[in-house]
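Everything on this sheet refers to the single structure shown next.
The values are calculated or read from the model by the stated rules, or taken from the named source; none is laboratory data. Predicted, not measured: the structure shown is a model, and the values here were computed from it. FYI the Cβ positions are ideal-geometry reconstructions off the backbone, even for glycines, and counts take in every protein chain you see. We work out accessible area using only protein heavy atoms, side chains counted, and drop any ligands, DNA or RNA first. Shrake-Rupley method; radii C 1.70, N 1.55, O 1.52, S 1.80 Å.
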Amino acid sequence: MISFIAKIVAYFRVKKIENTYSNAIKIQDTIFKKLIKSASNTKFGIDHQFVNIISYDDFKKNVPIRDYESLKLYIKDIQDGKENILWPGKPKYFAKTSGTTSGVKFIPITKESLPFHINSSRDAILFYIKQTGNSQFLNGKNIFIQGSPNLDEINGILVGRLSGIVAHHIPKYLQGRNLPSMQANSIQDWESKIDAICKETINQDLRAVGGIPSWVQMYFERLLKNKKNKKIIDLFKNLSLFIYGGVNFTPYKRIFSKLIGKKIDTLEYYPASEGFFAYQNDQNDPSLLLQYNSEIFYEFIEIDQFENRNRKRLDLSQVKLNKNYVMIVSSNAGLWAYNTGDTVMFKSIIPPKIIVTGRHKHFISAFGEHVIAREVENSINYAAKKTKLTVVEFTVAPMISVTPKELPHHQWWVEFDSYDTRISEFAKIIDAEMKKQNIYYKDLVDGKVLEPLKVIAVPAGSFKNYMKSLGKLGGQNKVPRLSNNRQFVLGLNKYIKKIESEN
């Protein structure tokens, strides 16, 4: 009955959303005006003269781009119990997230913004059902590998990880079908939690799995431990859908195919503590539908201009295809011209569809090459496909200090699922593909400023065990795809040498 009703709901809901595609820019303008009006009497609104903001140009003059550090004093007021600071009243939750420069962040989630986190996830599934006709997964069990649902409290505001907060708002039609149990989900130690989830799910009719790919990979591997010659599909014969978000799935495709033993559908979300920004609405198109009707006002700044004093802020009506933008948001959670740190590229204007290209601060540009996450992910996936090697995890960093006999270069630290002698071939394919992906990298290598990249194969389990040693296993923690410094790879190398010396 649920799967039948879902198809009917999907048809009408998808049609309703599709009918708004051509009005996305008008909808954004309406949202902008509504947000300004709603927050005019807040402390932030008064400080930034919201009553005098009539147009987007007024907003740009009155409200500068800000990161979390620039928002901290307002957040502190809210934590002290004050109301009407960033948004009328007080937030319902703080989503607790770890920042690379600001330490722990507390991102407000209001009673007005919370439904859009839930509804966007639902709409993504309805698009999938309408296109594929597959609603049978709703008749079985579904599991979402997520953060702990345990919540703390600050002056009446509940505090926790975003995925843990969302766990308290599972739609009624999914309740009773969702795993894991609250008890297993609340286990703090990540490996113990995965073991408990495995025990709960091993004999269930599991049909859909969701979570960050590295978390789900760990879950699959633990399920198959000591089960020789078995695949996930042998354990869950009706498994048909994998829902993911947080990282690009492309580098994980090969190892997931190997673990599952069968190709299943995938569905990509783009959720964040600051808002649910986009989701995949077409199985034949990897780009994501921007959530332009979710009470979030979007701005974009070309990445090459971002550090300039006179950087140009653009709204949805001004963006162009295939340009790399830093995404800025204002929302009914009380965020104003907030730098998400994410970089995106538009692949369609009507409807507005994007791909996530990386993080503004996660890049390599030691020599002006400005290599981004999307380029390295595409390149390593291409090399894995060509060589049929399976990559478990990887990270990339510049090597600047070299011997007189070698030039600077990029180091790719790669963990494969088994030892292979074709590492040099693998490196050559990646290097050739990187030249296609990034013209600046090509010019630097061809001009003998950089050597071709080098691949360093690391022992099995190195990334997982190193992250565990840092206390960053599971949760929202992810291995950085690339860095403009060597901090992560130096720590990884030191850890590997320590383990080797002990053995």
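What residue among P108, V166, I78 has its Cα farthest toward the positive end of the dipole of the stretch 38-167, where the charges are +1 on Lys, Arg and -1 on Asp, Glu, each on the Cβ?
Projecting each Cα onto the dipole axis, the largest value belongs to V166.
Relative contact order for the stretch 281-358: what is it in percent, counting Cα pairs under 8 Å that are at least 6 residues apart?
30 percent
On full extension of the chain, what length is gained from I154 through R422, given 0.36 nm per residue of separation minus the C-alpha to C-alpha distance?
91.0 nm
As a test question: what accessible area, to the nearest 10 Å², does E393 have when a 1.4 Å probe is rolled over all protein chains in place?
The accessible area of E393 comes to roughly 20 Å².
Tell me the mean residue ellipticity at 222 nm calculated for the chain from its helices only (DSSP H runs of n ≥ 4, each -39500 (n - 2.57), averaged over every residue, nearest 500).
Numbers: 17 runs with 182 residues, N = 503.
So the helix-based figure for the chain works out to -11000 deg cm²/dmol.
Leaving ligands and nucleic acids out of the surface, order I364, I233 by accessible area at 1.4 Å, largest first.
From most accessible down to least: I233, I364.
Rule-of-thumb check for the stretch 152-262: C-alpha Rg over 2.2 N^0.38 Å? All intermediate terms of the calculation are to be shown ahead of the outcome.
On the way: Rg = 15.2 Å, N = 111, 2.2 N^0.38 = 13.2 Å.
For the stretch 152-262, the normalised Cα radius of gyration comes out at 1.15.
Taking θ = phi - 60°, what integer Hz values does the Karplus form 6.51 cos²θ - 1.76 cosθ + 1.60 yield along the stretch 363-372, in sequence order, with x for Gly and Pro?
7, 10, 8, 5, 10, x, 7, 6, 6, 10
Report the extension gain between K448 and L407 in nm, rounded to one decimal, defined as 0.36 nm multiplied by the number of residues separating them, less their alpha carbon distance.
14.0 nm
If you plug each phi of the stretch 313-327 into the Karplus form 6.51 cos²θ - 1.76 cosθ + 1.60 with θ = phi - 60°, what whole-Hz ³J(HN,Hα) values come out, in order, with x for Gly and Pro?
Those phi angles translate into 8, 10, 9, 4, 6, 10, 6, 10, 6, 6, 10, 8, 10, 7, 9 Hz.
Determine how large the accessible area of K497 is when every protein chain is in place; take a 1.4 Å probe and give Å² rounded to the nearest 10.
The value for K497 is about 120 Å².
Report, for the stretch 110-254, the % of DSSP beta bridges that are antiparallel, rounded to 5. Write down the numbers at each step before the final one.
On the way: 3 of 12 bridges.
Once the DSSP bridges in the stretch 110-254 are tallied, antiparallel ones form about 25 percent.
Take the Cα atoms of the stretch 68-149, build their convex hull, and give its volume per residue in Å³. Could you put the intermediate results ahead of the total?
Working: hull volume 11.9 nm³, N = 82.
Dividing the Cα hull volume of the stretch 68-149 by its residues yields 145 Å³.
E191 versus S22, label points 7 Å from Cα toward the beta carbon: distance in nm?
5.8 nm
Using only Cα atoms, what is the ratio of the radius of gyration of the chain to 2.2 N^0.38 Å?
Its radius of gyration relative to the 2.2 N^0.38 Å reference: 0.99.
Using a 1.4 Å probe on the protein heavy atoms only, what accessible surface does K225 show? Give it in Å² to the nearest 10.
Its heavy atoms expose roughly 130 Å² to the probe.
Please get the size of the charge dipole for the chain, origin at its Cα centre, with Cβ charges of +1 on Lys and Arg and -1 on Asp and Glu, quoted in debye to the nearest 20. Could the numbers behind the result be given before it?
Working: 72 positive and 49 negative charges, 199 e Å.
I would put it at about 960 debye.
For the stretch 159-171, just list the computed ³J(HN,Hα) in residue order, Karplus coefficients 6.51, -1.76 and 1.60, θ = phi - 60°, integers in Hz, with x standing in for Gly and Pro.
The phi angles translate into 10, x, 5, 4, 5, x, 5, 4, 4, 7, 10, 5, x Hz.
Hey, what's the Cα Rg ratio for the stretch 254-356 versus the globular rule of thumb, 2.2 N^0.38 Å? Mind dumping the intermediate values first?
Details: Rg = 15.5 Å, N = 103, 2.2 N^0.38 = 12.8 Å.
The reported ratio for this selection is 1.21.
For the chain, what does the relative contact order come out to in percent, with C-alpha contacts under 8 Å and a separation of six or more?
Over the chain, the number comes to 13 percent.
If you rank T30, T340 by how much accessible surface each has, with a 1.4 Å probe, what is the order from largest down?
Result, largest first: T30, T340.
With a 1.4 Å probe and all protein chains left in place, how much accessible area per residue does the stretch 1-131 have, in Å²?
On the way: 6740 Å² over 131 residues.
Result: 51 Å² per residue.
What is the set of long-range amide H partners of T266 at a cut-off below 5 Å, with H atoms built 1.01 Å from backbone N?
Amide H neighbours of T266, under 5 Å, 5+ apart: F242.
L288's amide H: which non-local residues (gap 5+, or another chain) put their own amide H closer than 5 Å, with H modeled 1.01 Å from N in plane and none for Pro or chain starts?
HN-HN under 5 Å from L288: I354, I355.
Which stretch or stretches of the stretch 303-321 have amide N atoms under 16 Å from the point lying 7 Å from I349's Cα along the Cα→Cβ direction?
Only 314-321 fall inside the zone, counting backbone N under 16 Å.
Can you list the residues, at least 5 places off or on another chain, whose amide H is less than 5 Å from the amide H of L482, using H built in the peptide plane?
V396
When only the heavy atoms of the protein chains count and the probe is 1.4 Å, how do M1, M218 rank by accessible area, highest first?
M1, M218
Report the gain in length on full extension from L470 to Q49: 0.36 nm times residue separation, minus Cα-Cα distance, nm rounded to one decimal. Spell out each step's value before the answer.
Details: separation 421, 0.36 × 421 = 151.56 nm, distance 4.44 nm.
The L470-Q49 span can extend by a further 147.1 nm.
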